[in-house]
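Quick notes on the structure that follows.
The values are calculated or read from the model by the stated rules, or taken from the named source; none is laboratory data. Please read all numbers here as calculations on a predicted model, not as lab measurements. Positions of Cβ are backbone-derived with ideal geometry, glycine not excepted, and every protein chain shown enters the neighbour counts.
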Amino acid sequence: MKRTTPSSVTALALVGLVLGFLLEVSATAAGTPIVVPPLTLPFTLVAIGIIVVALAWPIRKATKGGGKKRVDPFLAMRVAVLAKSSSLSGSLLLGAGIGITLYLLTRSVVPAVASVWLAIATALGSAVLLGGGLVAEHFCTLPPDDDQEEPGAARV
């Protein structure tokens, strides 16, 4: 599995930004209420980001040589996949939160202040999830081999 690249994070954030903005525009055009993220969403995103880093911490200790117990490779792979999905979904939700915030700030009618702060909090919570996923991905990588031989040489 390859680590998350900055280009994929940026692309998903831009997709989320466009989708979040267009969701609000289409809701307004249809005459339905706009989407305002609930108060629990930013707290949930932050909690998930913290949990992902906490799950990756024992794997980091084991890969750095400080852990006394051997880590189950299946658990390590599951945590690595969770970290990658957290970083990708965090970037998508970050873009959506920014898109909703931009829509609310560019309206001709001044929106309720609470809805703007909820959108900003969602973007910040998504940024924490994105950061936690990237940190956990880093924790789940193995250090480079200490082989002094050529990379293509046969091992005896």
Exercise. Just to be sure, is Lys69 among the basic types (Lys, Arg) and in a loop (DSSP other than H, G, I, E, B)?
Worked result: yes
Exercise. Can you name the number of the only condition in (1) under 19 Å from Val9 (Cα atoms); (2) free of Cβ contacts under 8 Å to residues at least 40 places away in the same chain that Gly99 fails?
Worked result: (2)
Exercise. Yes or no: Ala114 assigned to a helix (DSSP H, G or I), among the small types (Gly, Ala, Ser) and either at positive phi or buried (at least 21 other Cβ atoms within 10 Å of the Cβ) (or both)?
Worked result: no
For this session: Assess whether Ile34 counts as being closer than 16 Å to Cys140 by Cβ, at pLDDT below 95, surrounded by 15 or more Cβ atoms within 10 Å (Cβ to Cβ) and not polar (S, T, N, Q).
Result: no
Seminar exercise, completed: Within the stretch 60-79, residues being buried (at least 18 other Cβ atoms within 10 Å of the Cβ), in contact with a Phe, Trp or Tyr (Cβ under 9 Å, 6 or more places away or on another chain) and of a type outside the set (D, E, K, R) number 1
Seminar exercise, completed: Per the filter on the stretch 31-66, residues in contact (Cβ under 8 Å) with a residue 24 or more places away in the chain and not in a helix (DSSP H, G or I) are Ile34, Val35, Val36, Pro37, Pro38, Leu39, Lys64
For this session: Scan the stretch 91-109 and give yes if some residue there is basic (Lys, Arg) and part of a helix (DSSP H, G or I), otherwise no.
Result: no
